[in-house]
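Since the structure comes first, as structure tokens, the remarks are kept for the end.
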Amino acid sequence: MKLNLTPYFFILPALILIIIFVLYPISATISLSFLSPEGYFVGFDNYIRVLSRREVINYDGILKGYFPMGAIVHNAIWILIHLPLSTLLGLVLAVLLQNVKGSSIIKSIIFLGMVTPLIVGGIIIRFTFDREVGVVNMFLKAIGLGHLVRTWTMYPDTALFSLILGSVWLWTGFSLILYSAGLAMIPKEYYEAAKIDGASSMQIFFRITLPLLKPVTTTVVTMTLLWELKIFDIVYVATYGGPGGASNVLALLMYFLAFRSLDFNASSVIATLLTALTLIVAIVMFKYVVRK
Amino acid sequence: MADVKVKNLTKRFGKVIAVNKVSFDVKDKEFVVLLGPSGSGKTTTLRLIAGLERPDEGEIYIGGRLVNNIPPRERDVAMVFQNYALYPHMTVFDNLAFPLQVRKMPKKYIKAKVEEVAKLLKIEDLLDRRPSQLSGGQQQRVALGRALVREPKVFLMDEPLSNLDAKLRVYMRAELKRLQKELGITTIYVTHDQVEAMTMADRIVVFHKGKIQQIGTPSDLYKKPQNIFVAGFIGSPAMNFFDATLTYKDDFIVLDAGEFKLKLPKTFSSILRDKAGLEVVLGIRPEHIKIYKEPRASTVKCRVYVVEPLGGEMIINFSLGGKIYKARYPGEISLKPDETIYIEIPVKHIHIFNKKDGKAII
């Protein structure tokens, strides 16, 4: 049988671009992570060197409970707090605002966090937690907790949490909009049938609404996870990973290693690890979507 | 089991009055059809009874209990939706079990009950499937099953057959009627299909523009329509209408329709005595018009427009005075378009309506 080459010509332009701008940089980065600065193959030496650095994992900090605990741990904490919080908040808001008049205005305001450039978002977070002008401290004073007032991003024990909370505000619009769209897709007959069938509001939510939103939840969780793994901009502008690395994350550490320490091999190790992590998330999501 | 009473029910959507002072009763175990064209208020009335809408005025009683302020789930009614509203993420078993599960019935009872209903509806083999894996007819049975499973006081059905193909619809019509009689559940059924209404209902409530036009048995509505709307809506093909004037001639009342005149028997004169000169509408059903190829006494000459053969019978469209009318001819007759025919309108089958208000006079 003669091989028909015509279809391949059509994908060739795209393929060339993908090879130059995606596949080549990725493979170059991965190979760099196995090389010494002089260009010799060193096996996993770079990995061992990087993973034993305090900036990546600080065992002492983890065991004694102080920051910095290491960029990997910071990313993990980010995921543990931000993922459930922003997802749930988006879902709850979407449900509450579902049949409210003028809710599109409220949704738009919440969604502003998503359209704001993250650099600007990071600056806003810095101001939000500022001692003098921050709205958080104003709120604390208003409810009689004036003794807690401080610039939250400047202390090792609160810097990371401040950024995480700020990022919840920036990202909640994403899950809110997706869940709102998902809710609008559910025919109202299901709710009416359930009401007549005798279900309470809670039963309707947990047995009808939530299961029908499962595809949306999958998308929200995956996209959020990827965002959290790659988080960079807001940390860069709000705290620069500080104080003392207390709010440093993998992507920022990668940047520091490459462009401050000029240790490209170590930086490549982090890049490779990040790629591997995001790839796992993407593959799981892809499999789920394909199965559907 | 229970009866349903609706009293002066009114529902407005903004400035539109969807249901306007509607009152009717449904007796225990009765099959009542709410019939009307789309936008006539029949579905809204059903939704008011279900509790999915709140009435602006009026009262709804189910089993003697005022339910205006009682939420749907406490009304003990079950509803079958036009598009079935089967929960897509649940299996057939879970769909059927849902009304019992949310009421926290024991698992053993739920299983037994679901199996019993599945057997009744012949869907035992489908219990593990999802709604998306079922045909329209099977989905419809599951929807019925979900309504049946908790033995509600009242069954509400919103055009349940309209999404089925024509053949299945005719089959399910009979199935549904038999099931309703077998189980003896009070049923309120909404449809815009008058054939469905005629074939299934014990009584029909005809809706138009939010108001009830007539309540009666199928035979009542067919034989004694109370106004032009009901006369035109019930029966297929629809009743023919001719504008006419009542006149007197030699002590007889004569219906002058322009193209023809009908001498009415003396028995009508007591009703029509003082109505000379009145503008009326003469109604005659297609099946009552007689057709001849040759002229006879009291026939009217007209022209064939088109013939629709139905196998056992034919619908003959004829033109008279520039308008097209329909007649039903039992058996076969060879007619061509533009051929001349002679029709007879038997006086004993005519209906006379007041042209002004559309109300039936005879």
query = Any number yet on Rg/Rh for the range A:121-275, C-alpha, Kirkwood?
reply = 1.14
note = Links exceeding 23 Å between C-alpha atoms in this model, out of B:Lys5/B:Lys111; B:Lys223/B:Lys301; B:Lys293/B:Lys336; B:Lys27/B:Lys119, come to B:Lys5/B:Lys111; B:Lys223/B:Lys301; B:Lys27/B:Lys119
inquiry  = Can you compute the charge dipole magnitude of the protein assembly as shown about its Cα centre, using +1 on each Lys and Arg Cβ and -1 on each Asp and Glu Cβ, nothing else charged? Give it in debye, rounded to the nearest 20.
reply    = 1460
request  = With a ≥ b ≥ c taken as the square roots of the eigenvalues of the C-alpha gyration tensor of the range A:108-162, please select rounded if a/c is under 1.5 and otherwise prolate if a/b is larger than b/c or oblate if it is not?
outcome  = oblate
query = Which whole-number percentage describes the relative contact order of chain B, with Cα contacts under 8 Å and a sequence gap of 6 or more?
reply = 15
request  = Place +1 on the Cβ of every Lys and Arg and -1 on the Cβ of every Asp and Glu in chain A, take the dipole about the Cα centre, and give the residue among A:Tyr288, A:Met69, A:Phe264 whose Cα lies farthest towards its positive end.
outcome  = A:Tyr288
inquiry  = Quick check: net charge around B:Arg169, other residues with Cβ under 10 Å of its Cβ, Lys/Arg +1 and Asp/Glu -1?
reply    = -1
query = Any idea of the accessible area per residue across chain B, 1.4 Å probe, to the nearest Å²?
reply = 47
remark   = Counting Lys and Arg as +1 and Asp and Glu as -1 over every other residue whose Cβ sits under 15 Å from the Cβ of A:Trp152, the net charge comes to +1
remark   = For the range A:44-291, averaging the sequence separation of alpha carbon pairs under 8 Å that lie six or more residues apart and dividing by its residue count, the contact order in percent is 28
J(HN,Hα) series, the range A:44-51, from Karplus relation 6.51 cos²θ - 1.76 cosθ + 1.60, nearest Hz, glycine and proline x = 8, 3, 4, 5, 4, 4, 6, 5
ask   = For chain B, what % of the accessible area comes from carbon and sulfur atoms, probe 1.4 Å?
value = 50
ask   = Does the protein assembly as shown come out rounded, prolate or oblate by the C-alpha gyration tensor, with a ≥ b ≥ c the root eigenvalues, rounded set by a/c under 1.5 and, if not, prolate when a/b is larger than b/c and oblate if not?
value = prolate
ask   = Pairing the Cα long axis of helix B:107-120 with the longest principal axis of chain B, what angle in degrees results, from 0 to 90 and rounded to the nearest 10?
value = 30
ask   = How big is the C-alpha Rg of chain B next to the rule-of-thumb value 2.2 N^0.38 Å, as a ratio?
value = 1.20
request  = Under 1.5 on a/c is rounded, so check that first for chain A, then, if it is not, pick prolate when a/b is larger than b/c and oblate when it is not; a ≥ b ≥ c are the square roots of the alpha carbon gyration tensor eigenvalues.
outcome  = oblate
task = Using a 1.4 angstrom probe on heavy atoms only, work out the carbon and sulfur share of the accessible area of the range A:44-291 in %.
result = 73
key: Links that overshoot a 18 Å alpha carbon limit, given the list A:Lys188/B:Lys122; B:Lys326/B:Lys356; B:Lys263/B:Lys348; B:Lys29/B:Lys153; B:Lys224/B:Lys348; A:Lys188/B:Lys211   = A:Lys188/B:Lys122; B:Lys326/B:Lys356; A:Lys188/B:Lys211
task = Give the accessible surface of the range A:148-292 per residue, rounded to a whole number of Å², with probe radius 1.4 Å and ligands, DNA and RNA excluded.
result = 43
query = In degrees, nearest 10, range 0 to 90: what is the angle between the Cα axis of helix B:92-101 and the longest Cα principal axis of chain B?
reply = 70
Theoretical FRET efficiency, 1/(1+(r/R0)^6), r = Cβ-Cβ of A:Phe44 and A:Thr218, R0 35 Å, to 0.05 = 0.55
ask   = Antiparallel DSSP bridges in the range B:134-231: what percent, to the nearest 5?
value = 50
note = Interface B-A: total buried accessible area (1.4 Å probe, Å², nearest 100) of 1800
query = Which of the residues in the range B:92-106 lose at least 50 Å² of accessible area when you go from the chain alone to all protein chains together (probe 1.4 Å)?
reply = B:Phe98, B:Val102
ask   = Based on the Kirkwood radius over alpha-carbon pairs, what is the Stokes-Einstein translational diffusion coefficient of the range B:1-144 at 20 °C with 1.002 mPa s viscosity, in µm²/s?
value = 126
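The values are calculated or read from the model by the stated rules, or taken from the named source; none is laboratory data. Just so it is clear, the structure is predicted and the values come from calculations on it, not from any experiment. Here Cβ is always computed from backbone atoms with ideal geometry, including for glycine, and neighbour counts include all displayed protein chains. Heavy atoms of the whole protein, side chains included, go into the accessibility calculation; ligands, DNA and RNA do not. Shrake-Rupley method; radii C 1.70, N 1.55, O 1.52, S 1.80 Å.
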